[in-house]
Amino acid sequence: MARYGPNEHDVLIVGGGGAGLRAAIAVAETNPKLSIAVVSKVYPMRSHTVSAEGGAAAVIKPDDSLDDHAYDTISGGDWLCDQDAVEAFVKEAPEEMIRLEHWGCPWSREENGSIAVRPFGGMKNKRTWFAADKTGFHMLHSMFQTTLKYDPIDRYDEYFVTSLLVDDGRCQGVVALELATGKIEPIAAKSVILCTGGCGKVFPFTTNANIKTGDGMAIAYRAGVPLKDMEFVQYHPTGLPFTGILITEAARAEGGRLLNKDGYRYLQDYDLGIPEDKPVLRSMELGPRDRLSQAFEKEKEKGRTLNGPYGEFVHLDIRHLGKEVIDEKIPFVRELCRKYENIDPVHEMIPVRPVVHYIMGGIHTDINGETLLDGLFAAGETACVSINGANRLGSNSLTELLVFGARAGRVAAEYASSQTSFGSRLEALATDEKKRIEKTFFNSSGNRSERVADLRKEMHNAMEQGAGIYRTETSLKSSGEILGELRERFKKISLEDKSYTFNTQFVSAMELSYMFDVAESIIESALQRTESRGSHQRTDFPERDDQNFLKHSLSYKTEQGSARVEYQPVTITRWPPGERKYGR
Amino acid sequence: METTITLQILRYIPEKDPDPFYQEYEVPIREEWVILDALNYIKDHIDGTLSYRWSCRMGVCGSCGMMVNEKPILTCETFLEKYMPGPVRIAPLNYFGVIRDLVVETDGFMEKVKRVKPWIIRDREKAPSEGEYLQTPEQLSEYKQYSMCINCMLCYSACPVVGLEPEFIGPAAIALAQRYNYDNRDEGENQRNDVLLADDGIYECTLVGECSEVCPKKVDPAGAIQRYKVQGATEWWTSVLLPFGKK
C-alpha cells in the first residue's frame, strides 16, 4: 500500500497473524496515543493462523479447573515448560477467549447459547473452544476486522523485513522492502514485537503455509538474540500423504480411530491405553501428538503401515461418526478430503501420516515477551516463553497467541512510552542494509550460478533425514555438514529476476537464508541434547535425563557457522517432574 | 512417457514490458497436482521470474485467485487434469489493476472491506468479566454462512457491475456487512446502512448472481444482497408509512 511521510512509530509489530493483531490491539488499548504499525509480508488475513482448525483451549466449564489445564500442559510438554508461564497462561486464557467472543468470533455454541467445548489430545477435560473446524480462520478474521476500528493501528501490507535496526544497544525498528515497488527503507519504532510465526518450511513435508520460513527467528538470531529449545519440532500425526494438509485432531476428539494396515488400533501397543468405542480423554487417539507420531514410526518399522505413492501411511477412520456429526463438527475435514484426496470420509477411511506442524522453540522471551535485546519483544509461534516445553498440546497454540500477544503488546507499549528519541545512526544503518541487499540480490556480478529452488530442496532432504521424528548423533552431524555446504553455495546465489516490482524470487532467496539460520539452530540444539524428551527423540539416548537436561537450550549465532548452545534452568513451581501417563 | 500440458500465462513486468503478453510453458501433468503446483513447477524448474501470490495451499488463506480459462478460481484447489488436453490460459483476476504478472492490486478491495465497519458495534460493551454474550446455534446460523468469506476476491472478478463501476462496494463487502448485521451481538446496522445505501452501494447490484456461482466457500453474496434489498425495501416503506412505528 502506498505510504506518505516518515516511517516512524511508537510500536512496530512484525507479522499480522493472531499474535501480531492481538498485540496491536493491546497496545492501542494500553495507550490510545501511541502510533502503532503492523508490517507483514502478506495481507494480515493471509497469515497462517488462518489454517488452524481444531480449537483453542481455555477453562470455562464448572467441571474443569486451571490446575488441570496447567497439569495437562506441563505433563504434555514433558516437564520442559516454565510453570510460572503456564500458570499465567491458563489463568488469563478464559478472559482472552471471552474478549475474542466480544469481538465477534463465531464460536460454536451449546443449545442455551453458551460457549461449547470439545475434547482434545492430551487434555483431561473438555476445554477446547471451537468454531466448527475453522477456528483459526474465524479468530484471525474476527481480530483483523476488529483492528480496523482502531485508528492508531497503521499497516505496511506486503513489506518484507530484511533486518532489525539496532542502535545504541536497543532495537529501534526494521529495514523492509516494499514488495510492490522494491523500495528498501527503514521503519523506525521505539519498540518492536516479532510475531512472524513458525518455520515449518525448513522441512519438506509440513502442514505449514509457504510463508512460514522462520523470518523473525532468523532476524533476531542475527542480532544476537538466542533461540530457545529449537530441537523441539512437532509432528502432527494426521496429515494427508501428498499435500501434508492437516486433518485436525478434532477428528479424533469426535471419535476418529487410527488403524494400521490390518485395521488394528495400533496405539494400544504403545502404552497409550486400551481401545474403547467412545473416545476417552488422555487415552489412545487422544494421547499427545509426539507419542502418536512416534507410534506411527514404530509401526512403520514393524511393516504394519500401508504403502502408497507418497510413502507409508495409516488410516484415520471417522465413518462411524456418521454424516450428521461430520458435517456439523468437522465439515472442513470432509471438504479437504473430498477436494484433495477425492474421497468422502463419510464412506471411506482417510490416509494419513505424520507431518511437521509446529515448533515449540523460538525466540527466547520471558513471561512478558521481552527478549534479551532492549526494545525487542516476541510472541506466538516465533517466540518461546515457554509454555509448550518439549511437546505442545493441541489447542494451546491459538490461546497462546492471545495471552502472550496481549502481554507483549502491553509491555512493549510501556517500553515505547519510556523512550524519548531515536538513535543517530538509524539512517546510516538502513543505507548500509539497502546496499547489502542490492549488492547481493539485484546488482550481483561475478561467477554466480546457484539457484534458490535447488538449495532449498537439498536443505529439505537434509532436515528430513537428519532431524526428523527420530535422530542420532550421526544423522544430525551429517545434516549439519550439508547445511554448512549449502550456506557456502548460497554465497553464489543468482537471481534470474532482477526486477524491483513484486520480485518473489528475491523473497524466496531471503527466506531461504533465514531458514538456513533456523535449521542450523535446530540441528545444533538437537545434537547437544543427548537425551529423549517429548518430540526430541534420540535413538542413541532413548531416556529422559532430568539430571542433565531439565533445562532450556539457548542457541546463539556465531561467526564460525554452527550455533553456540547454552542452557538455562526450567522454572518449576508446583509440579515436580514425573512420569507422563496416558491411558492408565 | 510423461504427459504434458501447455499453460499460457499472462506476463507483465512493468519495467520491461510495454504491454502484457501470453507466455507458453509446457509442464508435466500429475493427477495430484492443482494449478498452483504447476505454477510452482515453472517457478522452480523453468522460469524463476514468474510472480504470483500463494500461501496455505488448502483453500483458506485466499491468496491464489486467478482467471483460468476466463473463470476466476482458487488455483490451489483446482486440479490441472480437469483442463486436459489444454492449453490452459492463466491471467490475473479481472477488474483489478495488475502490479506484475499474476499479482493484482488489492488495496482498493481492502478499503471497501473497512468501509462497511466489519466489527461488532454496540452502545455498551460488556467487560470480559461479565462473560460471553449468549448466542444460540440458531442465532449463529443466521450469519454463519456470511462469516465464511476468505477475501479471495473471486466474486469481484466475476461481477459485471464491478467491471463497469469500479467504485461499486462489491459482493464480499456487502456479505461482510450482512455478517455483522445478522449477528445478534451487534447493534451497528444503521451505521452500515449509510454505507450500503450510498451511490456506490448495494443498489448498484443488478442481481446477476455470478458472485455466488464462483464463491469457493459458498458464502452466497448474491443471497445476502437479495435479502438486504427485500428487507431494505420493507424498512423504507415502514419508515414512510408508519412514522410513529418501530425505529
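The values are calculated or read from the model by the stated rules, or taken from the named source; none is laboratory data. None of these values were measured; they are calculated from a predicted model. Counting neighbours? That spans all protein chains shown, and the Cβs are built from the backbone with ideal geometry, glycine included. Surface accessibility is based on the protein's heavy atoms, side chains included, excluding ligands, DNA and RNA. Shrake-Rupley method; radii C 1.70, N 1.55, O 1.52, S 1.80 Å.
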Computed log₁₀ I(q)/I(0) - Debye formula, equal Cα scatterers, no solvent, segment B:107-241, q 0.13, 0.15, 0.18 Å⁻¹: -0.55, -0.73, -1.01
Helix A:473-490 axis, angle to chain A major axis (alpha carbon atoms, nearest 10°): 30 degrees
No Cys partner within the rule (Cβ under 4.7 Å), chain B: B:CYS64, B:CYS76, B:CYS149, B:CYS152, B:CYS159, B:CYS205, B:CYS215
For the protein assembly as shown, share of DSSP beta bridges that run antiparallel, in % to the nearest 5: 70 percent
Computed accessible area, A:VAL411, all protein chains, 1.4 angstrom probe, square angstrom: 30 Å²
5 Å-binned pair-distance histogram of segment A:97-182 (Cα, whole percent): 3, 11, 14, 13, 13, 11, 10, 11, 8, 4, 1, 0
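Treating only the Cβ of Lys, Arg, Asp and Glu as charged (+1, +1, -1, -1), what charge dipole size does chain A show about its Cα centre? Round to the nearest 20 debye. Can you show the working numbers first?
Working: 72 positive and 84 negative charges, 155 e Å.
So the dipole magnitude of chain A works out to roughly 740 debye.
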Between segment A:342-375 and segment A:441-498, the alpha-carbon center distance in angstrom: 23 Å
Peptide ranges A:385-392, A:284-291 listed from the most packed, as the mean C-beta count within 10 angstrom indicates: A:385-392, A:284-291
Which of A:LEU455, A:LEU486, A:PHE422, positive extreme of dipole for segment A:421-500 (C-beta unit charges): A:PHE422
Spin-label pair B:GLN23/A:ASP269, simplified geometry with 7 Å Cα→Cβ offset, distance in nm: 5.2 nm
Whether segment A:1-151 is rounded, prolate or oblate, judged on the alpha carbon gyration tensor where a/c under 1.5 counts as rounded: prolate
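Kindly report the accessible area of segment B:107-241 per residue (heavy atoms of protein chains, probe 1.4 Å, no ligands, DNA or RNA), in Å².
With all protein chains present, segment B:107-241 gives 44 Å² per residue.
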Shape of the protein assembly as shown, Cα gyration tensor, a/c cut at 1.5: rounded
Overall form of segment A:348-489 per C-alpha gyration tensor (a/c, 1.5; a/b vs b/c): oblate
By accessible area with a 1.4 Å probe, ligands and nucleic acids excluded, highest first: order of A:PHE541, B:PHE109, A:PHE313: A:PHE541, A:PHE313, B:PHE109
Karplus-derived HN-Hα couplings along segment B:130-147 (A = 6.51, B = -1.76, C = 1.60, θ = phi - 60°), whole Hz, x at Gly and Pro: 7, x, 7, 6, 6, 8, 6, x, 5, 5, 4, 5, 4, 10, 3, 4, 6, 8
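In terms of solvent-accessible area of protein heavy atoms at a 1.4 angstrom probe, what is the ranking of A:THR530, A:THR146, highest value first? Each step should come with its number before you reach the end.
On the way: A:THR530 45, A:THR146 0 Å².
The ranking, largest first, comes out as A:THR530, A:THR146.
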Partner lysines for A:LYS498 [C-alpha distance under 26 Å; skip if fewer than 8 residues away on the same chain]: A:LYS41, A:LYS183, A:LYS201, A:LYS212, A:LYS434, A:LYS435, A:LYS439, A:LYS457, B:LYS16, B:LYS43
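For segment A:482-568, what % of the accessible area comes from carbon and sulfur atoms, probe 1.4 Å?
That share works out to 47 percent.
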Scattering profile of segment A:259-386 at q = 0.09, 0.12, 0.16, 0.17 Å⁻¹ [log10 I(q)/I(0), Debye over alpha-carbon scatterers]: -0.39, -0.63, -0.92, -0.98
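Counting only DSSP beta bridges with both residues in chain B, what percent are antiparallel, rounded to the nearest 5?
85 percent
If you take each beta carbon of peptide A:135-142 and count the beta carbons of other chains within 10 angstrom, what is the mean? Intermediate values should be presented prior to the final figure.
On the way: counts 0, 1, 8, 3, 0, 2, 9, 4.
Mean partner shielding for this stretch: 3.
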Leading residue at positive end of dipole, segment B:4-104 (Cβ point charges), from B:VAL27, B:CYS61, B:LEU7: B:CYS61
Cβ-based net charge around A:LYS302, under 13 Å, with every Lys or Arg adding one and every Asp or Glu removing one: -2
For B:PHE21, solvent-accessible area (1.4 Å; no DNA, RNA or ligand), Å²: 80 Å²
Cα-based equivalent ellipsoid of segment A:445-584: semi-axis lengths in Å, sorted from largest, via gyration tensor: 36, 15, 14
Accessible surface ranking that places the most exposed of B:VAL68, A:VAL325 first, with a 1.4 angstrom probe: A:VAL325, B:VAL68
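Between B:ASP47 and A:PHE442, how high is the FRET efficiency from 1/(1 + (r/R0)^6) when r is the Cβ-Cβ distance and R₀ = 25 Å? Nearest 0.05. Could you put the intermediate results ahead of the total?
Values: r = 18 Å, r/R0 = 0.73.
It comes out at approximately 0.85.
Find the Cα radius of gyration of segment B:4-104, compare it with 2.2 N^0.38 Å by division, and give the number to two decimals.
Details: Rg = 12.6 Å, N = 101, 2.2 N^0.38 = 12.7 Å.
With N residues counted in segment B:4-104, Rg over 2.2 N^0.38 Å equals 0.99.
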Distance from segment A:168-210 to segment A:299-321 (C-alpha centre basis), Å: 38 Å
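If contacts are Cα pairs under 8 angstrom and at least 6 residues apart, what is the relative contact order of chain B in percent?
Working: 390 pairs, mean separation 41.8, N = 247.
Dividing the mean separation by the residue count of chain B yields 17 percent.
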Whole-angstrom gap from segment A:15-64 to segment B:80-158, using each part's C-alpha centre: 18 Å
Surface share of carbon and sulfur [accessible, 1.4 angstrom probe, percent] for segment B:107-241: 54 percent
Segment B:4-104, accessible area per residue, ligands and nucleic acids excluded (1.4 Å, Å²): 38 Å²
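With a 1.4 Å probe, what is the total accessible area buried between chains A and B, in Å² rounded to the nearest 100?
Numbers: alone 21530 and 13760 Å², together 29900 Å².
Buried area between the two chains comes out at roughly 5400 Å².
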Dipole magnitude of segment B:4-104 about its Cα centre (Cβ charges: Lys, Arg +1; Asp, Glu -1), debye to nearest 20: 240 debye
Sequence-distant lysines (8 or more away, or on other chains) whose Cα lies within less than 28 Å of A:LYS261: A:LYS278, A:LYS298, A:LYS300, A:LYS302, A:LYS323, A:LYS329, A:LYS339, A:LYS581
